[in-house]
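In what follows, a structure is listed as structure tokens, so that the remarks can point back to it.
The values are calculated or read from the model by the stated rules, or taken from the named source; none is laboratory data. As the structure is a computational prediction, the values presented were derived from the model and not from experiment. Cβ placement follows ideal geometry from the backbone for every residue including glycine, while neighbour counts extend to all protein chains displayed.
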Amino acid sequence: MGLFISIFNGYSQVSESASARLDRFLKENSNITFTPLVSDATEQILRHKVYCIALETTNIYDDSGKDLDEFIVIDDGTDVQSCQKFRKNTSMDFFLDHLHEDFTLTSATAPLFQDLLDILYPVEGWKLDKREFFFKDGKWYFLRDAYMRSKQGFEIQVDAEGKITDMRYKMKWDVPDRL
């Protein structure tokens, strides 16, 4: 917490005593936990560790309840990268660096990859029935959501051996017929 206040302090010219009070307030009214997310999917597919960061705040705005914000991150040993929510078409070239060098996406590993996506990019409980995956024309499609006739999710290009060469999240698929 102190790091955040210190950075904030540098830009806003908050006095040391005010910074100490703000730090104390945050320590008294918030709790941060880091939970490793370990599964067959994370261990077999990713080279790096995955964590859930939970930020719990209490006693804010005269509300005795608790607010909980959780987010998933990948720690590569040097940097921490969040697994963001998608609001637009997104290239995921950065994600390829997190994969084990020998991982291949095939019909045998696709269910495990679906499990990984469920950990990193969870689907709302009421949308679980929207999930599906299939392979067509050199691409894997992992459906994560659907609205009326529009589908969205991950489109993953693989080479002949199943090595992932491109990955992107698409808000609207031009999904070919599965047959």
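Below is a table of values for the structure above.
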| item | result |
| --- | --- |
| Flag if ILE156 is at pLDDT below 95 and among the β-branched types (Val, Ile, Thr) | no |
| Which numbered condition LEU68 fails, given (1) hydrophobic (A, V, I, L, M, F, W, C); (2) more than 30 Å from LYS136 (Cβ to Cβ); (3) at pLDDT 95 or above | (3) |
| Residues located in the range 9-51, provided they are part of a helix (DSSP H, G or I), closer than 26 Å to THR78 by Cα and within 28 Å of the chain's Cα centre (by Cα) | ASP40, ALA41, THR42, GLU43, GLN44, ILE45 |
| Qualifying positions in the range 21-38 - loosely packed, with under 13 Cβ neighbours inside 10 Å and aromatic (Phe, Trp, Tyr) | PHE34 |
| Test for LYS85: is it at pLDDT below 95, assigned to a loop (DSSP other than H, G, I, E, B) and not aromatic (Phe, Trp, Tyr) | yes |
| One residue from ALA18, ALA54, ALA41 being surrounded by 14 or more Cβ atoms within 10 Å (Cβ to Cβ), free of Cβ contacts under 8 Å to residues at least 40 places away in the same chain and out of contact with any Cys (no Cβ under 9 Å at 6 or more places or on another chain) | ALA54 |
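Okay, residues lined up against (1) closer than 23 Å to LEU46 by Cβ; (2) over 12 Å from the mean Cα position of the chain (by Cα); (3) among the basic types (Lys, Arg); (4) surrounded by 11 or more Cβ atoms within 10 Å (Cβ to Cβ):
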| residue | (1), (2), (3), (4) |
| --- | --- |
| GLY65 | no, yes, no, no |
| PHE71 | yes, no, no, yes |
| SER91 | yes, yes, no, no |
| PHE94 | yes, yes, no, yes |
| LEU99 | yes, yes, no, yes |
| PHE103 | yes, yes, no, yes |
